[in-house]
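So the structure is just underneath, and the comments pick up after that.
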């Protein structure tokens with residue numbers, strides 16, 4: 001049987017297909033736009049990440065080595081009440097951790113590669129790295145590719161502040177960290193143009209315009225409380241110094257996220273202070289092992 005279509009029917013089909021593509025094809029920079037327009041977030045590196053499903057968080061930062069399941073990542077992207085959630089993968093770029101998979105290949109037998117130092121930065125088994133070393137950069141890039149392959153929407157770069165620990169050894173420690181972040185951003189976006197780059201702390205690097213151009217968001221720990229992990233209120237000088245740098249970043253169109261390890265009435269007060277600055281607050285336990293409701 002011969003099929004016949006009128007011109008009007010063909011145009012109708014073509015128009016419907018075009019509309020469908022507009023409705024269901026994500027924008028080229030969807031993740032990078034969403035991370036800047038989010039109003040809530042959560043951050044959990046261990047424990048039952050299924051707890052995240054019960055939150056309305058627009059952004060979730062999780063650890064692939066803890067989850068290691070693509071289906072879980074895909075599920076986390078969908079809010080239980082409907083809507084899209086960005087899922088960002090944690091990656092320490094200035095610190096090596098002795099429980100990570102790469103440790104078996106580099107250091108488990110007592111060997112010490114050129115990039116590994118004996119300097120700890122607050123957590124047992126975690127060591128500052130010579131992050132400018134080609135061997136460490138290779139590990140960082142390999143792990144970045146794992147996150148992209150696993151379906152994450154972006155990467156959360158922790159321990160950029162290691163530049164302060166290492167400046168006694170390398171006079172260009174600051175510049176080397178800026179370059180590493182820029183290299184990570186370029187490598188990620190060469191594979192996935194809308195891959196979001198989020199950095200934790202190290203707000204002193206924000207005076208470099210090329211660094212600012214490479215990132216989409218910054219997350220600041222202990223902005224108001226606990227800078228020495230004692231839980232007390234930070235000095236007004238420390239607060240104003242960081243807030244000034246963060247507001248400068250926000251003025252350039254980037255998002256500011258804040259992590260405070262507080263609960264109860266103190267958290268309620270600090271939450272209002274964070275919101276008043278136009279920043280996005282999250283409150284959790286310091287080990288980031290569960291949600292605080």
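The values are calculated or read from the model by the stated rules, or taken from the named source; none is laboratory data. Given the structure is predicted, the values throughout are model-derived calculations rather than measurements. Here the Cβ positions follow ideal geometry from the backbone for every residue, glycine too, while neighbour counts run over all protein chains shown.
Among the numbered criteria (1) modelled with pLDDT of 95 or more; (2) in contact with a helix residue (DSSP H, G or I) (Cβ under 9 Å, 6 or more places away or on another chain); (3) surrounded by fewer than 19 Cβ atoms within 10 Å (Cβ to Cβ); (4) at negative phi, which one does residue 293 miss?
Evaluating residue 293 over (1) modelled with pLDDT of 95 or more; (2) in contact with a helix residue (DSSP H, G or I) (Cβ under 9 Å, 6 or more places away or on another chain); (3) surrounded by fewer than 19 Cβ atoms within 10 Å (Cβ to Cβ); (4) at negative phi leaves (1) as the failure.
Yes or no: the range 163-179 includes at least one residue that is under 25 Å from residue 87 (Cβ atoms) and touching a helix residue (DSSP H, G or I) at 6+ places or on another chain (Cβ under 8 Å).
Among the residues of the range 163-179, not one is under 25 Å from residue 87 (Cβ atoms) and touching a helix residue (DSSP H, G or I) at 6+ places or on another chain (Cβ under 8 Å), which makes the answer no.
If a residue must be within 18 Å of residue 202 (Cβ to Cβ) and assigned to a loop (DSSP other than H, G, I, E, B), how many such residues does the range 238-293 contain?
Counting residues in the range 238-293 that are within 18 Å of residue 202 (Cβ to Cβ) and assigned to a loop (DSSP other than H, G, I, E, B) gives 3.
Being over 15 Å from the mean Cα position of the chain (by Cα) and closer than 24 Å to residue 166 by Cβ is true for just one of 187, 251, 219, 202. Which residue is that?
On the way: 251 fails: closer than 24 Å to residue 166 by Cβ; 219 fails: over 15 Å from the mean Cα position of the chain (by Cα); 202 fails: over 15 Å from the mean Cα position of the chain (by Cα).
Being over 15 Å from the mean Cα position of the chain (by Cα) and closer than 24 Å to residue 166 by Cβ holds for just one of 187, 251, 219, 202, which is 187.
I need the full set of residues from the range 141-169 which are more than 17 Å from the chain's Cα centre (by Cα) and either surrounded by 16 or more Cβ atoms within 10 Å (Cβ to Cβ) or at pLDDT below 95 (or both), in order please.
163, 164, 165, 166
Among the residues of the range 51-72, count how many are under 17 Å from residue 291 (Cβ atoms), in a helix (DSSP H, G or I) and in contact with a helix residue (DSSP H, G or I) (Cβ under 8 Å, 6 or more places away or on another chain).
Counting residues in the range 51-72 that are under 17 Å from residue 291 (Cβ atoms), in a helix (DSSP H, G or I) and in contact with a helix residue (DSSP H, G or I) (Cβ under 8 Å, 6 or more places away or on another chain) gives 5.
Given the options 226, 264, 232, name the one that is out of contact with any helix residue (DSSP H, G or I) (no Cβ under 7 Å at 6 or more places or on another chain), more than 26 Å from residue 148 (Cβ to Cβ) and in contact (Cβ under 8 Å) with a residue 12 or more places away in the chain.
226
Give just the number: which of (1) modelled with pLDDT of 95 or more; (2) touching a helix residue (DSSP H, G or I) at 6+ places or on another chain (Cβ under 8 Å); (3) farther than 29 Å from residue 174 by Cβ; (4) outside any helix (DSSP H, G or I) does residue 89 not satisfy?
Of the numbered conditions (1) modelled with pLDDT of 95 or more; (2) touching a helix residue (DSSP H, G or I) at 6+ places or on another chain (Cβ under 8 Å); (3) farther than 29 Å from residue 174 by Cβ; (4) outside any helix (DSSP H, G or I), the odd one out for residue 89 is (3).
Residue under question is residue 170, and the condition is that it be farther than 18 Å from residue 199 by Cβ and either without any contact (Cβ under 8 Å) to a residue 12 or more places away in the chain or in a strand (DSSP E or B) (or both); does it hold? Talk me through it step by step, then tell me what you get.
Working: farther than 18 Å from residue 199 by Cβ: yes; either without any contact (Cβ under 8 Å) to a residue 12 or more places away in the chain or in a strand (DSSP E or B) (or both): no.
No; evaluated as a whole, the condition is false for this residue.
Within the range 186-217, how many residues are part of a helix (DSSP H, G or I), touching a strand residue (DSSP E or B) at 6+ places or on another chain (Cβ under 7 Å) and in contact (Cβ under 8 Å) with a residue 40 or more places away in the chain?
Within the range 186-217, residues that are part of a helix (DSSP H, G or I), touching a strand residue (DSSP E or B) at 6+ places or on another chain (Cβ under 7 Å) and in contact (Cβ under 8 Å) with a residue 40 or more places away in the chain number 2.
Could you say which residue among 255, 219 is at pLDDT 95 or above, crowded, with 16+ Cβ neighbours inside 10 Å, closer than 19 Å to residue 157 by Cα and in contact with a helix residue (DSSP H, G or I) (Cβ under 8 Å, 6 or more places away or on another chain)? It would help to see each step written out before you state the result.
Working: 219 fails: in contact with a helix residue (DSSP H, G or I) (Cβ under 8 Å, 6 or more places away or on another chain).
Unique residue meeting the criteria: 255.
What is the residue count in the range 138-159 for residues that are farther than 10 Å from residue 94 by Cα and assigned to a helix (DSSP H, G or I)?
Within the range 138-159, residues that are farther than 10 Å from residue 94 by Cα and assigned to a helix (DSSP H, G or I) number 11.
Limited to the range 113-137, what total is found for residues that are buried (at least 16 other Cβ atoms within 10 Å of the Cβ) and in a helix (DSSP H, G or I)?
Adding up the residues that qualify gives 2.
So residue 122 passes all but one of these: (1) over 20 Å from residue 184 (Cα atoms); (2) touching a strand residue (DSSP E or B) at 6+ places or on another chain (Cβ under 8 Å). Which condition number does it fail?
(2)
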